[in-house]
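Reviewing the structure listed below.
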Protein chains: 2
Amino acid sequence: MTAKNSKATDQAQIRQIMDNCAEAVRSKDVDGIMSHYATDIVVFDLAPPLQYRGADECRKNWEAWFPTFRGPIGYELHGLEIAASKDLAFCHSFNRITGTRTDDEKTDVWVRATVCCRKLDGQWKIVHEHQSVPFYMDGSYRAAVDLKP
Amino acid sequence: MTAKNSKATDQAQIRQIMDNCAEAVRSKDVDGIMSHYATDIVVFDLAPPLQYRGADECRKNWEAWFPTFRGPIGYELHGLEIAASKDLAFCHSFNRITGTRTDDEKTDVWVRATVCCRKLDGQWKIVHEHQSVPFYMDGSYRAAVDLKP
């Protein structure tokens, strides 16, 4: 395989993982997400704390978050841009999260996502994930959950 | 140079760039920061909008932000973890920003930073940067600017 073909293959594999993870979020499939996580993953998530370290902490976070939605979760990736080379890759996208919470609140928010991967034993695994919304620096410190790309 | 030595060199170079950028922030040196940015950099910043695309937009953002501080800015990187391989690298850290704003407000906030780099013409350049604080999902949607790692 040429270097160029190899890069295209790596990018396609990363895209597949992102698609798989999005589908797993939509169907609240914790195991599906975890199958793509490295054991030493570090996650900077939307809500506190500042970080989750390791797959076990991340699993508990997903297990706690999914039941806050009534029924399925809408989760769409937009504008995914991928860089992959040898055994490292990173990508970023805008992810739209929609759904109804158990307290009847409607969620419809666009978040920025950066995902970093490493090829371990021939398999791409997510080693770092950073999801956020910006916040208004107008004194309110309110998260800008109203923005659209 | 062996592959192992090359990786150590790459990691040292990324660390140097992060140190240089931090020093440039402290001394409000826009050119110093820009010298490490790829022309097609995509930045997810602390404040809206959702993204800045391209070095020109980023330069304007720094030029607007620096004058909001009276005197120098405190900017320290903590817990920097770097992955580098061939022509891609990524790293993450907790960055403490301190200082006094021109409206006399004191800033002392810890932010999560993810920085992705690509080696272009033999030089590491930052192609993507994501800085954020999480926000409280308690109905206040307030940015969690009070957290410490």
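Some observations on this one:
- For the stretch A:63-72, Karplus couplings with θ = phi - 60° (6.51, -1.76, 1.60), whole Hz, Gly/Pro x: 5, 7, 7, 4, x, 6, 9, 8, x, x
- All other residues whose Cβ lies under 14 angstrom from that of B:Gly74 are scored, Lys and Arg at +1 and Asp and Glu at -1, for a net of +3.
- Over all other residues within a Cβ to Cβ distance under 11 Å of A:Ile41, the charged ones net out to 0, with Lys and Arg as +1 and Asp and Glu as -1.
- Summing Lys and Arg as +1 and Asp and Glu as -1 over all other residues whose Cβ lies under 12 Å from the Cβ of B:Tyr136 gives a net charge of 0.
- Between A:His36, A:His92, A:His78, the residue with the greatest mean-square fluctuation in the GNM of chain A (Cα pairs under 10 Å linked by springs) is A:His78.
- Inter-site label distance for B:Ala47 and A:Leu120 at 7 Å from Cα along Cβ, in nm: 3.9 nm
- Cα-projected label distance for B:Asp31 with B:Ala8, points at 7 Å along beta-carbon direction, nm: 3.6 nm
- In this label model, A:Glu76 and A:Lys148 are separated by 1.0 nm, measuring between points 7 Å along each Cα→Cβ vector.
- Taking amide H as placed 1.01 Å from N in the peptide plane, A:Val145 has no amide H partner under 5 Å among residues 5 or more places away or on another chain.
- Rounded to whole Hz, the Karplus (6.51, -1.76, 1.60) HN-Hα couplings of the stretch B:128-136, x for glycine and proline: 7, 9, 9, 10, 6, 10, x, 10, 6
- Vicinal HN-Hα couplings computed from phi for the stretch B:24-41 (Karplus, 6.51 cos²θ - 1.76 cosθ + 1.60; Hz; Gly/Pro x): 5, 5, 4, 9, 6, 9, 4, 4, x, 5, 4, 4, 9, 8, 6, 5, 9, 4
- Inter-copy label distances at B:Thr98 (7 Å, Cα→Cβ; nm, one decimal): 4.6
- Listed pairs A:Lys106/B:Lys106; A:Lys125/B:Lys7; B:Lys119/B:Lys148 exceeding 27 Å between Cα atoms: A:Lys106/B:Lys106; B:Lys119/B:Lys148
- Label point of A:Glu76 (7 Å along Cα→beta-carbon): distances to the other copies' equivalent points are 4.5 nm, sorted ascending.
- Amide H within-cut-off set for B:Ala47, under 5 Å, with H built and near neighbours excluded: A:Phe135
- Nearest beta carbon of chain B to the B-to-A rotation axis, with distance in whole angstrom: B:Ser132, 2.
- With a cut-off of 13 Å on the backbone N, no residue of the stretch A:14-54 is near the modelled label site 7 Å out from A:Asp87 along Cα-Cβ.
Taken together, the values in this text are just the output of simple stated rules run on the coordinates, not laboratory data. Values in this document were obtained by computation on a predicted structure and should not be read as measured data. Neighbour counts are summed over all protein chains in view; Cβ atoms, including those assigned to glycine, are modelled from backbone coordinates with ideal geometry.
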